[in-house]
Amino acid sequence: MFDIGFSELLVIAVVALVVLGPERLPKAARFAGLWVRRARNQWDSVKQELERELHAEEIKRQFDDVKTSMRDTESQLRASGEAVRREAEQMRQDVAQHGDGIAAAAADDEPVMTGPAPGSPASVAQHVVAPEEAEPPRDAMAPPGIDGSAPRADPPAALPPSTDTAPLTPMPTPPNQEAPR
């Protein structure tokens, strides 16, 4: 902004020392520093206010752009909806005019499909399994075969016949515990 170098500052300091004298120079320097700080603070405040206003205007402009794009989209949707309505009305009129001939020809050739179209959400909803028929939830962390959700890849090997011929007897329970049920 101002092109003041070190040599110019040195000349100003020498002139101030001669004019003001050594007693008043510190007070004058403090006073000048105070006014320079105030001027800088005022300049920073003005600059921040301008930046805020510019940012607010940018946001308003973006908001207006979004509003106009939404209006355009709305008008396009209304136009396409109106076109679909016109096509549906035209189809109704065609069916009303030629419906008897189409129904008779369809009855002769192949059966007429009733109900929702295959693959539509309504068709899929008809084939949903009822909760009582649904499979029980499976534990994804359990290995196969433990929770009964999937068979083991290889069945366990048959145990060799036991050489112990003694019958199995239940173990006695300690007196302080109850027998398992």
- Note on the structure: Ranking Phe6, Phe31 from most to least accessible area with a 1.4 Å probe gives Phe6, Phe31
- Under a 1.4 Å probe, counting only protein heavy atoms, His55 has an accessible area in Å², nearest 10, of 110
- With DNA, RNA and ligands ignored, accessible area of Val11 (1.4 Å probe; Å², nearest 10): 90
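The values are calculated or read from the model by the stated rules, or taken from the named source; none is laboratory data. The structure presented is a predicted model; accordingly, all values stated were derived computationally and were not measured. Surface accessibility is based on the protein's heavy atoms, side chains included, excluding ligands, DNA and RNA. Shrake-Rupley method; radii C 1.70, N 1.55, O 1.52, S 1.80 Å.
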